[in-house]
2 protein chains.
Amino acid sequence: MLQVFALRSAGDSSEDATAYVSLEPCNHYGRTPPCTEALIRAKVKRVVVGMVDPNPIVASKGVERLRESGIDVTVGVEEELCKNLNEAYIHRMLTGKPFTMLRYSLSVNGRILSQLGEGSTQSGGYYSQLLQEYDAVILSSTSFTEKSSFPTSQEPKANQPMKIIVHRNPNLLMQIPTVPPEAASQVIIFTAGDTALNTELAQQGIETVVFDQISLNTILDYCGCQGFCNVLLDIQGDCDDLLELIEDSLEQGLLQKVMMEVFPLWDGSEGSSFLALKNLKRSFRLKKLKSTKVKDSVLIEGYFC
Amino acid sequence: MLQVFALRSAGDSSEDATAYVSLEPCNHYGRTPPCTEALIRAKVKRVVVGMVDPNPIVASKGVERLRESGIDVTVGVEEELCKNLNEAYIHRMLTGKPFTMLRYSLSVNGRILSQLGEGSTQSGGYYSQLLQEYDAVILSSTSFTEKSSFPTSQEPKANQPMKIIVHRNPNLLMQIPTVPPEAASQVIIFTAGDTALNTELAQQGIETVVFDQISLNTILDYCGCQGFCNVLLDIQGDCDDLLELIEDSLEQGLLQKVMMEVFPLWDGSEGSSFLALKNLKRSFRLKKLKSTKVKDSVLIEGYFC
């Protein structure tokens, strides 16, 4: 799809040029006309394809179409890098579910913190960038306090993710941060019961969906229907409402990746808690653990095996 | 002291040479003759000194002595790096206590693990190198199992640290790993009460010291008397015996540094525990957080402020 826009920008200069694409161009009508046809019409001479599209309705048909029309096609250049770049799309194509990453902040002694690192929510900060990269972010209604700000990417012209606020336990207080009117359509509340807040939310233009049972599976199915490729399950502070959901997600293999911000703090405050999932009796290996220094903290990322 | 040995190795080639030293040469008689006299006798032309010695009995007297004898002396080159290199010595000189680092292994969900990363105890592994760098390592008697091996640095010609095994609670089973006979003199047991094992330990040639109250302060005083500059407080697996000691150490500011090995594992096993220090109601900031990838794990280091 993006190739169609890129060729439009390039105009005449695409003639006899080489196009480098991280994913095989599609050969079917979707939201835009096929990318293959756009490349043929633009008279490009050669196309270098990072990886073949795992989508069964593409699967090498794009490459075939280009070759038939006389374009020189090279496939599988920097394939591993392209697979990383397209990991969410590949996962969705192969499983039908969005790629899901769990994120949280940890003190050096292993406690869950409500903080986000200095500058991380500002433009260029890791959290602001993350929000832009993900189609949706799942948050617990119990993690909001009166001071909580509405999570918004500060990147220039950022695509704002859909905020899915989970409220599983009707007995818990649901604190919703003040949502700017223009952002009301980016919020959806998943609740396990009618709450007194529903009318108020409706007045703000915020959609509420009532489910008997809210599991990550339910949420991912909803996200899949919306066409979302990736989802961020974000633990901030009081996450009691999400613990059972995380437990089930681990058991069912619904999480693909984990990211922790390790804070320069030994936390001994009474309010904070450990990520104790009491019903979980199994361990899960991770692979490709990677660390990055961001300001005063260390960011660790890894994939579930 | 090391300068005396370096000059002995260099022999005649030190004449008119420049000597680079991370710490000011001493001007007093200790275990070796003064380094200043050795440099003067070796007829070096110039000495570049990383940092002045904070030891009050040296404190610039070494630099003065060299200058008086006509040697060109430059002071404060790469001073910050030299301060890092000499951090344990500086700490000991300024406080009278050994520099103390707390180490443990953490799962990505914040649980304390008994594992040490693949290859870390082998030659070149981070743990093997750590044992060589530290004068003593403090371990809990409860962390040993029948399978535990005796912690030994595998570096070529390594200086083995003194192993201080803490047994605070006489009601807990004291499991001592099999100590190789030649290493018996490197082990000392700190116990809060007479145990049935004492005779057995004595037969192995292992020293036992009985204290009413074992605190990190007691242990550090002992280490100070032994001339130790740095001590590693090492948490492996079941560390119940050390929790109160860690709590007190944090409260009293006896810990200078922390190192965690973050494992590629989401741990849900029933045996493992969190680093829950229930009586600690305060938090402690850390600075200079740094991360390194070691095999499959990530190593995080930081300093208490």
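From the list A:Val137, A:Val108, A:Val73, A:Val63, exactly one residue is among the aliphatic types (A, V, I, L, M), assigned to a loop (DSSP other than H, G, I, E, B) and either in contact with a strand residue (DSSP E or B) (Cβ under 6 Å, 6 or more places away or on another chain) or more than 24 Å from A:Leu243 (Cβ to Cβ) (or both). Which is it? After applying the criteria, what remains is A:Val108.
Test B:Gly302 against the stated conditions and say whether it is within 17 Å of the chain's Cα centre (by Cα), free of Cβ contacts under 8 Å to residues at least 60 places away in the same chain and surrounded by fewer than 20 Cβ atoms within 10 Å (Cβ to Cβ). No: the conditions fail for B:Gly302. For A:Val4, the stated conditions do not hold, so it cannot be described as out of contact with any Cys (no Cβ under 9 Å at 6 or more places or on another chain) and β-branched (Val, Ile, Thr). The criterion of being within 30 Å of A:Lys287 (Cα to Cα) and of a type outside the set (Lys, Arg) does not hold for B:Ser13. Residue pairs whose Cβ atoms lie under 6 Å apart, sitting 6 or more positions apart in sequence or on different chains, and linking a residue in region A:103-128 that is of a type in the set (A, V, I, L, M, F, W, C) to a partner that is not in a loop (DSSP other than H, G, I, E, B), are A:Leu106/A:Met260; A:Leu106/A:Val262; A:Val108/A:Trp266; A:Val108/B:Val258; A:Ile112/A:Tyr104; A:Ile112/A:Ser273; A:Leu113/A:Ser105; A:Leu116/A:Tyr127.
Residues checked against (1) among the polar types (S, T, N, Q); (2) within 27 Å of B:Val262 (Cα to Cα); (3) surrounded by 18 or more Cβ atoms within 10 Å (Cβ to Cβ); (4) outside the structural domain of A:Gln186 (by TED's automatic domain parsing):
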{"position": "A:Ser105", "(1), (2), (3), (4)": "yes, yes, yes, no"}
{"position": "A:Gly117", "(1), (2), (3), (4)": "no, yes, yes, no"}
{"position": "A:Ser140", "(1), (2), (3), (4)": "yes, yes, yes, no"}
{"position": "A:Lys163", "(1), (2), (3), (4)": "no, no, yes, no"}
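Might you check whether a residue that is on the phi > 0 side of the Ramachandran plot and among the charged types (D, E, K, R) occurs anywhere in region B:60-77? No - not one qualifying residue is present in region B:60-77. If the condition is being surrounded by 15 or more Cβ atoms within 10 Å (Cβ to Cβ) and either at pLDDT 80 or above or assigned to a loop (DSSP other than H, G, I, E, B) (or both), then region B:185-203 contributes B:Gln186, B:Val187, B:Ile188, B:Ile189, B:Phe190, B:Thr191, B:Ala192, B:Thr195, B:Leu197.
Just wondering, is there one or more residues in region A:111-130 that are of a type in the set (D, E, K, R), within 30 Å of B:Leu280 (Cβ to Cβ) and in a strand (DSSP E or B)? Yes, region A:111-130 has at least one match.
From the list A:Asn230, A:Asn279, the one residue that fits, being within 14 Å of chain B (Cβ to nearest Cβ), polar (S, T, N, Q) and either within 19 Å of A:Ser140 (Cβ to Cβ) or crowded, with 21+ Cβ neighbours inside 10 Å (or both), is A:Asn279. Among the residues of region A:277-298, those that are under 29 Å from A:Lys97 (Cα atoms) and over 23 Å from the mean Cα position of the chain (by Cα) comprise A:Leu277, A:Lys278, A:Asn279, A:Leu280, A:Lys281, A:Arg282, A:Ser283.
Evaluation of B:Glu64 against the conditions (1) buried (at least 17 other Cβ atoms within 10 Å of the Cβ); (2) at pLDDT 90 or above; (3) not assigned by TED's automatic domain parsing to the domain that holds B:Glu182 shows that the sole unmet condition is (1). Looking at B:Asn55, is it within 14 Å of chain A (Cβ to nearest Cβ), surrounded by 16 or more Cβ atoms within 10 Å (Cβ to Cβ) and assigned to a loop (DSSP other than H, G, I, E, B)? No, not satisfied. Of the residues contained in region A:269-276, one or more are found to be under 30 Å from B:Tyr303 (Cβ atoms), more than 7 Å from every other protein chain (Cβ to nearest Cβ) and either within 21 Å of the chain's Cα centre (by Cα) or among the polar types (S, T, N, Q) (or both).
A Cβ distance below 6 Å, combined with a sequence gap of six or more or placement on separate chains, defines the contacts here; from region B:20-34, residues that are aromatic (Phe, Trp, Tyr) reach residues that are surrounded by 13 or more Cβ atoms within 10 Å (Cβ to Cβ) in the pairs B:Tyr20/B:Val48. Residues that are among the charged types (D, E, K, R) and within 14 Å of chain A (Cβ to nearest Cβ) were ranked within region B:83-114; the one that is nearest to A:Leu106 (Cα to Cα) is B:Arg111. Output yes when any residue across region A:245-258 is over 29 Å from B:Leu250 (Cα atoms) and facing chain B (nearest Cβ under 8 Å), and no when none is. Taking every residue of region A:245-258 in turn, at least one turns out to be over 29 Å from B:Leu250 (Cα atoms) and facing chain B (nearest Cβ under 8 Å). Kindly check whether there is at least one residue in region B:80-101 that is in a loop (DSSP other than H, G, I, E, B), touching a Gly at 6+ places or on another chain (Cβ under 7 Å), buried (at least 18 other Cβ atoms within 10 Å of the Cβ) and modelled with pLDDT of 90 or more. Checked against the condition, which is being in a loop (DSSP other than H, G, I, E, B), touching a Gly at 6+ places or on another chain (Cβ under 7 Å), buried (at least 18 other Cβ atoms within 10 Å of the Cβ) and modelled with pLDDT of 90 or more, region B:80-101 yields at least one hit. The condition (being within 14 Å of another protein chain (Cβ to nearest Cβ), touching a residue at least 12 places away in the same chain (Cβ under 8 Å) and of a type outside the set (Phe, Trp, Tyr)) is satisfied by just one residue among B:Ile214, B:Ile235: B:Ile235.
Of note, A:Thr36 does not satisfy the criterion of being of a type in the set (Val, Ile, Thr) and either assigned by TED's automatic domain parsing to the domain that holds A:Leu220 or within 30 Å of B:Leu280 (Cα to Cα) (or both).
Among residues of region B:282-304 being of a type in the set (Val, Ile, Thr) and at the interface with another protein chain (Cβ under 7 Å from one of its Cβ atoms), the one that is farthest from A:Gly117 (Cα to Cα) is B:Val298. Would you mind stating whether A:Val262 is more than 9 Å from chain B (Cβ to nearest Cβ) and either in contact (Cβ under 8 Å) with a residue 60 or more places away in the chain or more than 21 Å from the chain's Cα centre (by Cα) (or both)? When the stated conditions are applied, A:Val262 does not pass them. Considering only residues in region A:147-174 that are basic (Lys, Arg) and modelled with pLDDT of 85 or more, the one that is nearest to A:Ser215 (Cα to Cα) turns out to be A:Lys163.
The values are calculated or read from the model by the stated rules, or taken from the named source; none is laboratory data. Computed from a predicted structure; not experimentally measured. Quick reminder, even Gly has a Cβ in these numbers, built from the backbone with ideal geometry, and neighbours come from all protein chains shown.
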